[in-house]
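Taking it in order: structure first as structure tokens, then the write-up.
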């Protein structure tokens, strides 16, 4: 298969998931607004801080995995997360 085919396959798999996620998020915010607009505003105000915290946690976890692999003498290119090394 060529690169264009790989891109098309990736988009055809990812696009429905993105659309589904955006739709669910918008519907959730809509329902929360109907229930309590004050709590919805509070949640939306806190959401950026949660997103930054999750990104930071992921960065720290990735760095710790790389350090652990380096201590064991594993090449980062050959090691996958939680799967050990391939020969």
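Some values worked out for this structure:
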quantity: Residue check for residue 26: part of a helix (DSSP H, G or I) and either at positive phi or modelled with pLDDT under 85 (or both); calculated: no
quantity: Selection from segment 37-87 of residues that are in a loop (DSSP other than H, G, I, E, B), in contact with a strand residue (DSSP E or B) (Cβ under 9 Å, 6 or more places away or on another chain) and modelled with pLDDT of 60 or more; calculated: 72, 74
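The values are calculated or read from the model by the stated rules, or taken from the named source; none is laboratory data. A quick note: this is a predicted structure, and the numbers were derived from the prediction, not measured. Counting neighbours? That spans all protein chains shown, and the Cβs are built from the backbone with ideal geometry, glycine included.
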